[in-house]
Amino acid sequence: MKNSFKKGILISFSGIDGTGKSTQVKLLSNYLITHGKKVNKGESMFTYFLFKPLIKFLRLTTGSSLYGPVKRNKNPFFKLWFIFAFIDIWAAYIFKILPIVTDNDFVIADRFYTDIWANLFYYGYCPVWAFKLFVKLLPSPDIALMMSADPKTIFKREQEFTPDYYYEQQKIYQSLPTLVKFQIIDANKDQNSVFKEVKKILSQSNVL
């Protein structure tokens, strides 16, 4: 659902951890700024808005510490958290993100609401049917870029999580383009080659 009255262009970078999203966000932001564009970038679309104070409580319900890795939810009741997350996402988009988009030429999201949805599903806060249905109803950017890389390549770059984590996340992210529109980018390549692909996609979309 795109907003037809906004000034700026919203570009999102999605993908599992270690695919190089933040690097590409930085490269694109610097490129646009050097060309005189007003740019806002960051992870504001990968955080909670109204219900952020409840996240600590959710972590505690799984026996997770307040910081660091999160354990998966096994409580059927908390699988309903996706309802609150969906409301929170739309509230954040309307009252926080749209004003930012209106005030900038470009807004570049380092992960997007679809990434929140993927994580909700992975950590057990969203049943399969809700994942597939509601991901189609989330706010959508003007251009959605999906950074795709082999888990083996990612694990060589970082070891923040176990190999199983990256493989399971990959399965979830591979299902997303069948549900919502993404431009897929091969993130196995070096960052400069990836950035050339990013610029090519944006040029073909008449953004650059």
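The values are calculated or read from the model by the stated rules, or taken from the named source; none is laboratory data. On a predicted model such as this, the values are computed, not experimentally measured, just so you know. Neighbour counts run over all protein chains shown; Cβ positions are idealised from the backbone, glycine included.
Screening 113, 125, 173, 166 for residues that are of a type outside the set (S, T, N, Q), over 22 Å from residue 35 (Cα atoms) and out of contact with any Phe, Trp or Tyr (no Cβ under 8 Å at 6 or more places or on another chain) leaves exactly one candidate, 173. The set of residues from region 137-159 being polar (S, T, N, Q) and crowded, with 17+ Cβ neighbours inside 10 Å comprises 140, 148. Candidates 121, 112, 134: the one that is aromatic (Phe, Trp, Tyr), more than 22 Å from residue 10 (Cα to Cα) and surrounded by 17 or more Cβ atoms within 10 Å (Cβ to Cβ) is 121. Against the conditions (1) β-branched (Val, Ile, Thr); (2) within 26 Å of residue 33 (Cα to Cα); (3) in a helix (DSSP H, G or I); (4) in contact with a Leu (Cβ under 6 Å, 6 or more places away or on another chain), residue 100 satisfies every one except (4). Listed by first and then second residue, the pairs linking a residue in region 174-200 that is over 18 Å from residue 108 (Cβ atoms) to a residue that is part of a loop (DSSP other than H, G, I, E, B) and not polar (S, T, N, Q), with Cβ atoms under 7 Å apart and 6 or more places separating them unless they lie on different chains, are 176/182; 188/149; 188/150. If you go through region 10-69 and keep only what is over 20 Å from the mean Cα position of the chain (by Cα), surrounded by 15 or more Cβ atoms within 10 Å (Cβ to Cβ) and charged (D, E, K, R), you end up with 37, 59. For residue 108, the requirement of being touching a residue at least 24 places away in the same chain (Cβ under 8 Å), part of a helix (DSSP H, G or I) and closer than 23 Å to residue 52 by Cβ is not met.
For residues that are among the aliphatic types (A, V, I, L, M) and assigned to a helix (DSSP H, G or I), scanning just region 166-196, find the one that is farthest from residue 143 (Cα to Cα).
Here is the first cut: in region 166-196, the residues among the aliphatic types (A, V, I, L, M) are 172, 176, 179-180, 184-185, 187, 194.
The next check asks that each one be assigned to a helix (DSSP H, G or I); those that pass are 172, 176, 194.
Working: 172: 20, 176: 15, 194: 16 Å.
Only one residue fits best here, namely 172.
When the criteria are applied in full, residue 162 fails the requirement of being hydroxyl-bearing (Ser, Thr, Tyr), surrounded by fewer than 19 Cβ atoms within 10 Å (Cβ to Cβ), over 24 Å from residue 71 (Cβ atoms) and more than 17 Å from the chain's Cα centre (by Cα).
Taking the listed residues 153, 114, the one that is modelled with pLDDT under 95, assigned to a helix (DSSP H, G or I) and either out of contact with any Lys or Arg (no Cβ under 8 Å at 6 or more places or on another chain) or of a type outside the set (A, V, I, L, M, F, W, C) (or both) is 153, with no other qualifying.
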